[in-house]
Amino acid sequence: MSPAYKTHEQRDRWHKRICTRCERHGWFAARWPDGHVCRTCHDKALRVRGQCPACGDERVLPGLRPDDGALICPDCAGFMMSYRCSRCGHEGKLHGGRLCTRCTLTDRLDELLDDGTGRIRPALLPLAESLLNANNPVSVLNGLYMRKGKIGAPDDLLRRLGRGEIELTHDAFHILQPWRAASHLRELLMACGVLPALDKQLCLFESWLIGHLATITDPQHAQTVRRFATWSVLPKLRTAADRRPLTPGSQQYAMGQVKHATAFLNWLSSHDLTLTTCRQTDIDRWHVEHNEHNRNAVRPFLLWCQTTKLTRRLRLPPPQTRRAAPLSHDDRLSLLGRLLTDDSLPLRSRVAAVIIMLYAQPCSRVVRLTIDDVVHDNDQVLLRLGEPASPVPTLFAELLLAWIDNRDNMNTATNPGSRWLFPGRRAGQPLHPNGLSGQLNNLGIPTTAVRTAALRQQVLEMPAPVVADALGYHDKTTTRLRNETGGTWSRYATGDHTRSPAGWVPQGTGGS
């Protein structure tokens, strides 16, 4: 700083570097008739479009009318520069060559996806079209400049994809690094039809498995773990994925099986043992030294080892599960009232939490709901969780419909026109259940305890099979909870259950 100025503010004011809109100094983009405007205010002003109150034209409204502060177009505000694209004439923020964001993005994609002939690789035309049709092309353009020029950056992956250095197969993406960027790109390619659709969690597990096997130094251990994952873990995942989309919990459980199998083999080696020489006393010692979670996680591997004759017959303790204590009925009602009335809470969290509290749905099912599951039946709103669809209380219906009209993560290239009730940031994917659970926990909502309390209340008011069908549970689960809560079949309807209905005749009577 020059010694002529005693403070930064004095220097900024002398050079008129204070933004006249946000009154902060920073990187300035333009000098408008109303003073210097920083780049943040400049870009924000050019995103406002509408009818100019001065001339009546439909344009961008970056100017401020002096007398009343109304938003007006550049011409009425006296701007000397034009904000129209030199190629397409669209008015808005301009980039290099005085091109708008969409034209700049077009040129950038033509460069990255070039197959060497000066044109986009034909197989990648659907990907380019999907990115160009994003509701917010600025976010796509900014993403292409992240870590620009570095190996594994978005522009590097797209350039290699355009040149054919990355094959358009799932096997190629299994080993592509960095795996997060590769996973995001693969989901984009599946969403636009370039790659065949596969279950996201299954793809993540297969990619993780390749990296995990590479970290195992003992060749014999690596071979055993590969056989276990290939012939036991993966078939079960694929079978489950054929029935319904896998949840992140299913993928994490499968990863845990493989990791604990590896850890068990390392434990055997540290005690100079192998699967062949392992005895019942060794298994008992392992169970004593490890906690309940480790014992449950390694059980599938030990059962597989016995089935494939890698070990002798062993006695394994039965798996143990612990359930969270349910929330009390009064606490649940108090929390429900807060969610329905407190407008200061995020709307997404409120809607998701109420679904859990009213319909006993886990986060993994909540995020898989679509807007098509919200059914309008005359003046009533229903939520399809099973059969039949469940009625939605009026107060919650207002919140639910308001959320559908204002869902987030809808303005990127990944989810244009998404049908998910809670869209995620990845292409064609809903919000991650762990992310939703974390948001609710931060608001003081214990999701597991609340869901257990809601389900127990349901089975006390209705027959267990009816609850199972309506909420998507197995009837054995609801029956077990009914028995635990002390419910009986005679509580689901009023009247005298000791008398038969009038005119009813038992089968096998009447002389037969």
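Taking the criterion of being out of contact with any helix residue (DSSP H, G or I) (no Cβ under 8 Å at 6 or more places or on another chain), at pLDDT below 90 and either acidic (Asp, Glu) or open to solvent by less than 10 Å² (accessible area, probe 1.4 Å) (or both), would at least one residue in the stretch 55-63 satisfy it?
yes
Would you point out the residue of the stretch 143-170, among those that are touching a Leu at 6+ places or on another chain (Cβ under 7 Å) and touching a residue at least 40 places away in the same chain (Cβ under 8 Å), that is nearest to Leu204 (Cα to Cα)?
Leu168
Just to be sure before I move on: is Gly69 farther than 30 Å from Pro53 by Cα and surrounded by fewer than 16 Cβ atoms within 10 Å (Cβ to Cβ) in the structure I sent?
Answer is no for this residue.
What residue, of Leu421, Leu455, Leu385, is closer than 30 Å to Leu185 by Cβ, surrounded by 21 or more Cβ atoms within 10 Å (Cβ to Cβ) and aliphatic (A, V, I, L, M)?
Numbers: Leu455 fails: closer than 30 Å to Leu185 by Cβ; Leu385 fails: closer than 30 Å to Leu185 by Cβ.
Going through Leu421, Leu455, Leu385 in turn, just one is closer than 30 Å to Leu185 by Cβ, surrounded by 21 or more Cβ atoms within 10 Å (Cβ to Cβ) and aliphatic (A, V, I, L, M): Leu421.
Considering each of Leu105, Leu112 in turn, give the residue that is touching a residue at least 40 places away in the same chain (Cβ under 8 Å) and open to solvent by less than 20 Å² (accessible area, probe 1.4 Å).
The conditions single out Leu112.
What pairs can you find where one residue is in the stretch 258-275 and in contact (Cβ under 8 Å) with a residue 40 or more places away in the chain, the other is in a loop (DSSP other than H, G, I, E, B) and hydrophobic (A, V, I, L, M, F, W, C), and their Cβ atoms are less than 8 Å apart, with a gap of 6+ or different chains?
Partner pairs satisfying both residue conditions: Thr262/Ile216; Leu265/Leu275; Leu275/Leu310.
Working only within the stretch 448-467, note down all residues that are over 26 Å from the mean Cα position of the chain (by Cα), part of a helix (DSSP H, G or I) and of a type in the set (A, V, I, L, M, F, W, C).
Val459, Leu460, Ala464, Val466, Val467
Got a number for residues in the stretch 217-246 being open to solvent by 70 Å² or more (accessible area, probe 1.4 Å), within 24 Å of Val367 (Cβ to Cβ) and either touching a residue at least 40 places away in the same chain (Cβ under 8 Å) or outside any helix (DSSP H, G or I) (or both)?
1
Which ones in the stretch 247-285 are of a type in the set (Ser, Thr, Tyr) and part of a helix (DSSP H, G or I)?
First, the residues of the stretch 247-285 that are of a type in the set (Ser, Thr, Tyr): 247, 250, 253, 262, 269-270, 274, 276-277, 281.
Result: Ser250, Tyr253, Thr262, Ser269, Ser270, Thr281.
Just wondering, is there one or more residues in the stretch 256-278 that are of a type in the set (Phe, Trp, Tyr), over 36 Å from the mean Cα position of the chain (by Cα) and over 30 Å from Pro430 (Cβ atoms)?
Yes, because at least one residue in the stretch 256-278 is of a type in the set (Phe, Trp, Tyr), over 36 Å from the mean Cα position of the chain (by Cα) and over 30 Å from Pro430 (Cβ atoms).
Sort out which residues of the stretch 72-97 are open to solvent by 20 Å² or more (accessible area, probe 1.4 Å), within 37 Å of the chain's Cα centre (by Cα) and within 28 Å of Thr20 (Cβ to Cβ), and write them in order of number.
Matches in the stretch 72-97: His90, Lys93, Leu94, His95, Gly96.
The values are calculated or read from the model by the stated rules, or taken from the named source; none is laboratory data. Keep in mind that what you see is a predicted model, and the values were worked out from it rather than measured. Virtual Cβ from ideal backbone geometry, glycine too; neighbours counted across all protein chains shown. For accessibility, only protein heavy atoms count, side chains too; no ligands or nucleic acids. Shrake-Rupley method; radii C 1.70, N 1.55, O 1.52, S 1.80 Å.
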